[in-house]
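Q: Pasting a structure below so you can have a look.
The values are calculated or read from the model by the stated rules, or taken from the named source; none is laboratory data. Keep in mind it's a predicted model, so treat the numbers as computed, not measured. Ideal geometry is used to build each Cβ from the backbone, glycine not excepted, and the neighbour counts take in all protein chains shown.
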C-alpha cells in the first residue's frame, strides 16, 4: 500500500483560557488520528465544540498543535518553518466558512486570484490574467467581473472566489472548513456540485469539515465522527451511514430531520448538550449516552467512567471508540 | 371551510422604504392557521418568512415600514390596530421565539425575572405567584433544578437550555398561537431534535397552534401539519405536508427538493436551482421565480400567476403551467431523480 | 473574586508608582532644559548664587537623582523634614512636597482645595448625568421627533461652544447683566458646605451649569447613539413580543443595557475632572485643584505642580478601579467570568 497523502497521528491541542484564578486548560483536540488518500474526500463531522475546525486549522498550520504528528506528502508539517512550508502551500490549500471575511475587501477578484501565482512564483502558460479568467469561468463566475470587489458578489459567488483561489495552483489537498454552512440550500447545492466537479477534473483530495451530516454524506468517501475532541467513529461512507456503530453516531444520524413524508422513524433522542455535560475521565459521551443510562450493567458502567475507550477496528474499514459495540 | 381559522392572513404586504427603493419583503401573502395545528413557513434568506412572522405580532415600526392587507387573529384585525390593542395581544394571545436565544434574552436580567415579567404584564398576580408560575414553566420545558435556574443569567445556560427558557417564557400566558422563527437554526442537531420534540409536545399539551418558520425542509417534514413555501416575499405553494413532499406542484419546491443532500440515501449529483434570488427592490414583473425556472414559458415573464388550486382544494400553488403538465413533470422528470 | 480585586488594587499601585517616576523625572528634566538651577524654583529668582548653592545642598539637589526620588517617595509614606536649623520645617505624611513660596505643605494645600473641586464636579455630574441620559433616551425613543432634532442642535451647540466663552457670558449675565438677570450681584464666590449649605449650593449653581453644559451635550449624543443601537437588539424585540408597554421596553430593558457603559464613561470623566477643572475654576475664581495647579504653574512653584499632578494621577487610577468594580457589579457576564 502506498503512503497516504495526509497522515495525522495523535494530534492534540490545548488552549489556556482566562487568567489568574479563572485560568484553566481546555483540550480542544485530544489525540486525533486519520489519513486522507490521494484524490479522496475525508469528511470530519461533529457538533459544536467537537474540535473539528481546530483540527482543520492544525492541518494547514493556522493553529500550532500542542503535540502529535501531521505528515503531508511524506513531509512532517509540525514545527516546520515558514520558509520550508511555503513550497508545500502550493499543494495544500484551504477554503473557509465565511467567504466575506476571508477575502480582502480592498482587492479586486483579479488581484485575489492572481496572488497565489505571484506568491509561489508560478508563471502559467498564457499569462496570469488569462489563467485567472479561466479559473473564474471554471468556478462559474463571469470572467468579465475580474475587476470587481468581493462585496459586489453574493455569498455563493464569494465562496466560488474562495474556491477558485484555493484550486489556482492545482493543489493535492484542499481543506474545507464548513464551506457551505453560511449558504442557502439552493446556492449550497451549486457549490457542492462545483466541489464535486473540480475533484473529478483535477483529482485533488478534500478534508471536508462540516456539522451537516447530509452534506458530509454527499461528498465524502471516508467519514470521521468527532465528539468533545476525540474521534468516536471512523468508517467508509456507506458503512457509517447504514450501520453506525457508536451510540453517538447513531443518535446523531437519527436526529437529522429528513425532507420526505414522515413515516414512523425510531429516533434516539439524546439528553443534554455538550456545554452542560463534559465529564472528566473515562468516556466523554457517557453523560449523554442512552446505553450508559439504560441497558448497561453496573460493572460495565464502571468501565465507561474509568477507562477512556480507544478507537478499535470493528470490521475492515470501520472502527469505533466504545467499550460496548 | 365553515368556521373561521385561528389566524387568517390575506394579501399581506410589508414594504420597507430605503434610499435605494422600496424593498418588498412580503408581497401579497395569504394563508390560514387553524387552531392547534403546526404550520411550517419555509423559504431561503430574503424570502420574507421572518418579516411575515413579525408582522403577525405587529412588531414592525410603523415609521420604518408599510404593512397592508389583513391579519385576523380570532376575529381581531392586527394590521393597523392601535398599539395598546396589539400590546395586549402580544405574549398573551400570540407569542414568539427567535433564532438566537442568547441575543434574544436580556443579558442583565435573570431568566426567572424575564419569565415572571412576561406573566405579570398580562396577569394581575403577586410577585410570588408569578415566580411560582415561572418555576412551573421552567420545569415543564425540562430545565433541571428549575427553582435554582430561576436566578441564573442567560449566559450561564447552554444554547439548548436558553431556547427552552425562551419557549417557557413564550408559553407562560398560555397563548393560542406560537410563532417560532428559526428556533433551532443556531443549535446543534441533537439539541435541535430535543427542541422540536418539545415544541411539538407542548403544542399538543397547551393546544397552541404553531407557525414554524424555517429554511430546513427536513424540519418541516418531521414537525409540521401544513406548509407554506415562500420565495421573494410571495407564497409559491401551500399544502398539507404529505401532499407537499409527495406531489409538490411548484417548480421552486422541486428545485429545493433537488438541492438537498440526503442523510438517508446517497445521491448522485444534486440538481440545484440555477442563479440567485431576485432583488426585492426590482422584482420581475411576472412570476418572481421565472428567471430561475427551468419550465418557464411565454406568460411567465409578463403575468404574475395567482395562487390557485393544484390537485386538491387544499393544495395551492402559484404557477402558470397547467396542473396536469406539472403532475406529469413531477412524476416523470423530478421524482425519479431525487 | 477577592483575588481578582486584590490583583486590580496591586495593579493600580503599580500604575501609581510608574506615574510618580514619570512625574518626578519630568520635573528633574525641567531645570536642565531651562538652564535654571532647581534651587531658584524653590526660593525665587532673586536669590544670589551663593544662597542658591546653600539651598541646593540643604535640600539635596546635589545628590544623585535616584536618591532624591527615594527621599521624595518615602516622604509620601513617612513624612520628612526639610532643611535644618531655624528654617527647618516638618512636612507630615503623606508629604507631597513643601512650598517655600507659600510656606505650606503641598498636602495641606491639596486638602484645602479638593473639597472645592469635589463640590463643582459632583454637582455638575448630577446635572449632566440626569440631563444627558434622559435627553439621550427620549431622543432615541422618539427618533426624528422635534425633541430629537432640538436636542441634536442644542448638543451641537454645547459641544462647539468652549466653556470659557459660555462661562464668561454666564458670569456677565448673572453679576452685571440686565437687572432681571442680575441674581448674583454680590459676585459668585465659593462658600464651604460646612459653613452654609444653602449658599454653597446657590453659589455653585452657575458653576455646575457652566461645566455641565458641554458634558451634557456629549452624554446626550452618546446615550442617544447607544440607545438606538440597543433598540435594534434582539432582546428588545423579545421585550416587545412579550407585550410589555413601550415605556417598560425603553425605560427598563433598553436603559438597563446602556447603564454599564454610561457608568464607565461617567466614572472615567469624574476621575479626570476631580483632578481639577482648570478653566471653570479660573473663570469663577474658585480655589479648587485646577486653580491651585494653575497658580503653581504661573509662579513656577515646582512642589505644587508635582503634588497636584500626582494627586490627579491618583484620582484617575482610583476612578479606573472603581469603574471596573462597578462594571463587574452591573454586568453579570463579567461577574461570573472572573
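Q: Given the conditions (1) in contact with a helix residue (DSSP H, G or I) (Cβ under 6 Å, 6 or more places away or on another chain); (2) within 13 Å of another protein chain (Cβ to nearest Cβ); (3) more than 19 Å from residue B:36 (Cα to Cα), which single one is not true for residue B:181?
A: Failing condition for residue B:181: (3).
Q: Can you find a residue in segment B:271-279 that is more than 24 Å from the chain's Cα centre (by Cα), surrounded by fewer than 22 Cβ atoms within 10 Å (Cβ to Cβ) and facing chain A (nearest Cβ under 7 Å)?
A: Scanning segment B:271-279 turns up no residue that is more than 24 Å from the chain's Cα centre (by Cα), surrounded by fewer than 22 Cβ atoms within 10 Å (Cβ to Cβ) and facing chain A (nearest Cβ under 7 Å).
Q: Provide a single number: the residues in segment C:240-254 that are more than 7 Å from chain B (Cβ to nearest Cβ) and either in a loop (DSSP other than H, G, I, E, B) or more than 17 Å from residue C:134 (Cβ to Cβ) (or both).
A: So the answer is 0.
Q: Is it fair to say residue A:260 is out of contact with any strand residue (DSSP E or B) (no Cβ under 9 Å at 6 or more places or on another chain), farther than 25 Å from residue A:54 by Cβ and either within 10 Å of chain B (Cβ to nearest Cβ) or loosely packed, with under 15 Cβ neighbours inside 10 Å (or both)?
A: Yes.
Q: Quick check on my filter: what residues within segment C:284-301 are part of a helix (DSSP H, G or I) and either buried (at least 21 other Cβ atoms within 10 Å of the Cβ) or in contact with a strand residue (DSSP E or B) (Cβ under 7 Å, 6 or more places away or on another chain) (or both)?
A: Initially, segment C:284-301 is screened for residues part of a helix (DSSP H, G or I), giving C:284, C:289-298.
Within segment C:284-301, C:284, C:289, C:290, C:291, C:292, C:293, C:296 qualify.
Q: Which residue, of B:48, B:21, is touching a residue at least 12 places away in the same chain (Cβ under 8 Å), closer than 27 Å to residue C:233 by Cα and buried (at least 16 other Cβ atoms within 10 Å of the Cβ)? Step through it out loud before you land on a result.
A: Values: B:21 fails: buried (at least 16 other Cβ atoms within 10 Å of the Cβ).
On inspection, the qualifying residue turns out to be B:48.
Q: Those residues that are touching a helix residue (DSSP H, G or I) at 6+ places or on another chain (Cβ under 6 Å) and either modelled with pLDDT under 75 or over 19 Å from residue C:320 (Cα atoms) (or both), I need them from segment C:4-27; list them, please.
A: Selection gives C:23, C:24, C:27.
Q: Which is free of Cβ contacts under 8 Å to residues at least 24 places away in the same chain and closer than 12 Å to residue B:112 by Cα, of B:124, B:131? Break it down stepwise before answering.
A: Details: B:124 fails: closer than 12 Å to residue B:112 by Cα.
After applying the criteria, what remains is B:131.
Q: Same structure, new question: Looking only at segment A:238-257, which residues are at the interface with another protein chain (Cβ under 7 Å from one of its Cβ atoms) and under 18 Å from residue A:285 (Cα atoms)?
A: Within segment A:238-257, A:251, A:252, A:253, A:255 qualify.
Q: From the list A:221, A:273, which residue is within 13 Å of chain B (Cβ to nearest Cβ) and at pLDDT 95 or above?
A: Selected residue: A:221, the only one of A:221, A:273 that is within 13 Å of chain B (Cβ to nearest Cβ) and at pLDDT 95 or above.
So that you can scan it fast, the table gives a plain yes or no per residue for (1) in contact with a helix residue (DSSP H, G or I) (Cβ under 9 Å, 6 or more places away or on another chain); (2) loosely packed, with under 15 Cβ neighbours inside 10 Å; (3) not in a strand (DSSP E or B):
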| residue | (1), (2), (3) |
| --- | --- |
| A:11 | yes, no, no |
| A:27 | no, no, no |
| A:38 | no, no, yes |
| A:44 | yes, no, no |
| A:49 | no, no, yes |
| A:53 | no, no, yes |
| A:57 | no, no, yes |
| A:79 | no, yes, yes |
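Q: Every residue in segment B:187-211 that is part of a loop (DSSP other than H, G, I, E, B) and within 11 Å of chain A (Cβ to nearest Cβ), please. Spell out the reasoning first.
A: As a first pass, look at segment B:187-211 and keep what is part of a loop (DSSP other than H, G, I, E, B): B:187-188, B:207-208.
The answer is B:187, B:188.
Q: If the requirement is being touching a strand residue (DSSP E or B) at 6+ places or on another chain (Cβ under 6 Å) and more than 10 Å from chain A (Cβ to nearest Cβ), which of these qualifies: B:239, B:232? Steps first, please.
A: Details: B:232 fails: touching a strand residue (DSSP E or B) at 6+ places or on another chain (Cβ under 6 Å).
Only one candidate qualifies: B:239.
Q: Looking at this structure, is residue B:298 more than 10 Å from chain A (Cβ to nearest Cβ), touching a residue at least 40 places away in the same chain (Cβ under 8 Å) and more than 24 Å from the chain's Cα centre (by Cα)?
A: In short, no.
Q: Restricting to segment B:175-189, give me the number of residues that are without any contact (Cβ under 8 Å) to a residue 60 or more places away in the chain and more than 15 Å from the chain's Cα centre (by Cα). Talk me through it step by step, then tell me what you get.
A: Pass one, segment B:175-189, residues without any contact (Cβ under 8 Å) to a residue 60 or more places away in the chain: B:184, B:187-189.
Checking which are more than 15 Å from the chain's Cα centre (by Cα) leaves us with B:187-189.
Total satisfying the criteria: 3.
Q: Across segment B:144-172, what is the number of residues that are surrounded by fewer than 24 Cβ atoms within 10 Å (Cβ to Cβ), more than 8 Å from every other protein chain (Cβ to nearest Cβ) and outside any helix (DSSP H, G or I)?
A: 6
Q: Could you pull out every one of the helices (runs of 4 or more DSSP H) wholly within segment B:212-281 that has 1 or more residues that are in the same structural domain as residue B:322 (by TED's automatic domain parsing) and within 25 Å of residue B:305 (Cβ to Cβ)?
A: Per the criteria, B:241-246, B:251-259.
Q: Can you name the condition, by its number, that residue A:69 falls short on among (1) over 11 Å from the mean Cα position of the chain (by Cα); (2) surrounded by 17 or more Cβ atoms within 10 Å (Cβ to Cβ); (3) in a strand (DSSP E or B)?
A: Of everything listed in (1) over 11 Å from the mean Cα position of the chain (by Cα); (2) surrounded by 17 or more Cβ atoms within 10 Å (Cβ to Cβ); (3) in a strand (DSSP E or B), residue A:69 misses just condition (2).
Q: Okay, next question. Which residue is nearest to the chain's Cα centre (by Cα), if the candidates are limited to segment B:100-128 and must be more than 8 Å from chain C (Cβ to nearest Cβ), farther than 24 Å from residue C:331 by Cβ and buried (at least 18 other Cβ atoms within 10 Å of the Cβ)?
A: Top of the filtered list is B:119.
Q: Evaluate the following for residue B:291: is it within 26 Å of the chain's Cα centre (by Cα), outside the structural domain of residue B:31 (by TED's automatic domain parsing), closer than 25 Å to residue B:216 by Cβ and part of a helix (DSSP H, G or I)?
A: Yes.
Q: Could you pull out the residue among B:40, B:53, B:28 that is surrounded by 19 or more Cβ atoms within 10 Å (Cβ to Cβ), outside the structural domain of residue B:287 (by TED's automatic domain parsing) and more than 24 Å from residue C:232 (Cα to Cα)?
A: B:40
Q: Looking at segment C:216-234, which of the residues that are in a helix (DSSP H, G or I) and within 10 Å of another protein chain (Cβ to nearest Cβ) is surrounded by the fewest Cβ atoms within 10 Å (Cβ to Cβ)?
A: Start the filter on segment C:216-234 by keeping residues that are in a helix (DSSP H, G or I), which leaves C:216-231, C:234.
In the following step, the residues that additionally are within 10 Å of another protein chain (Cβ to nearest Cβ) were identified as C:231, C:234.
Working: C:231: 19, C:234: 16.
Residue satisfying both the conditions and the ranking: C:234.
Q: Out of all the residues in segment B:80-96, is one or more more than 8 Å from chain C (Cβ to nearest Cβ), out of contact with any strand residue (DSSP E or B) (no Cβ under 6 Å at 6 or more places or on another chain) and under 28 Å from residue B:197 (Cα atoms)? Write out each step before concluding.
A: Start the filter on segment B:80-96 by keeping residues that are more than 8 Å from chain C (Cβ to nearest Cβ), which leaves B:80-82, B:84-86, B:93-94.
When the remaining residues are screened for being out of contact with any strand residue (DSSP E or B) (no Cβ under 6 Å at 6 or more places or on another chain), the result is B:80-82, B:84-86, B:93.
Still in the running and under 28 Å from residue B:197 (Cα atoms): B:93.
Yes, segment B:80-96 has at least one match.
Q: Right, something else. Going through segment C:235-255 one residue at a time, which ones are crowded, with 23+ Cβ neighbours inside 10 Å and in contact (Cβ under 8 Å) with a residue 40 or more places away in the chain?
A: C:254
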